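Report on one structure; see the data block that follows.
The values are calculated or read from the model by the stated rules, or taken from the named source; none is laboratory data. These numbers were taken from a predicted model, which means no experiment stands behind them. Cβ atoms come from the backbone with ideal geometry, glycine included; neighbour counts cover every protein chain shown.
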Amino acid sequence: MQKRQLASVLSSGHVQHGQKHRSSGNFNMKIAIDALYLEWEVSESPTPHVVTFEVWVDISLGIDKPLFDGQRLKIGDKTRTTDENIDARSLYIANPQGTDSNFLVTVYGYFD
């Protein structure tokens, strides 16, 4: 099985000012279409093993919504690829916990 980096995004350790959930800029995983599953990594934080976060879809002119049924992700978590998370062009990190510092989220895909 081959592991490939699909995306990385820098997140704040707290929700951005004026936002309800967002703590990062947008990223997408369009190239994950053939991935069997995704792995989420956290780095560049003093405490990467206690950082948790959600992934949300930025819906233009609509109401944003969480992916993975709002599941909180942490370093090393694996999630299934679905049409929803692959087709979403604008994903972002939301509702971080466990740190006040910035942290980097990197998403890897596993392919046959």
Failed item in (1) over 13 Å from the mean Cα position of the chain (by Cα); (2) surrounded by 14 or more Cβ atoms within 10 Å (Cβ to Cβ); (3) at pLDDT below 95; (4) not charged (D, E, K, R), with residue 59 passing the rest: (2)
Residues of segment 23-43 satisfying the condition of being modelled with pLDDT of 95 or more and among the aromatic types (Phe, Trp, Tyr): 40
Any pair with Cβ under 8 angstrom, 6 or more apart, that starts in segment 2-22 at a residue that is under 15 Å from residue 90 (Cα atoms) and at pLDDT 95 or above and ends at one that is surrounded by 12 or more Cβ atoms within 10 Å (Cβ to Cβ) and small (Gly, Ala, Ser): 9/24; 9/25; 10/24; 10/25; 11/23; 11/24; 21/94; 22/94
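Kindly indicate which of 52, 106, 81, 47 is over 12 Å from the mean Cα position of the chain (by Cα) and under 18 Å from residue 8 (Cβ atoms).
81
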Single condition residue 101 does not satisfy, out of (1) modelled with pLDDT under 90; (2) small (Gly, Ala, Ser); (3) out of contact with any strand residue (DSSP E or B) (no Cβ under 7 Å at 6 or more places or on another chain): (1)
Residue in segment 79-92 that is at pLDDT below 95 and of a type in the set (Phe, Trp, Tyr) present: no
Yes/no for residue 51 being closer than 19 Å to residue 89 by Cβ, crowded, with 19+ Cβ neighbours inside 10 Å, among the β-branched types (Val, Ile, Thr) and in contact with a strand residue (DSSP E or B) (Cβ under 6 Å, 6 or more places away or on another chain): no
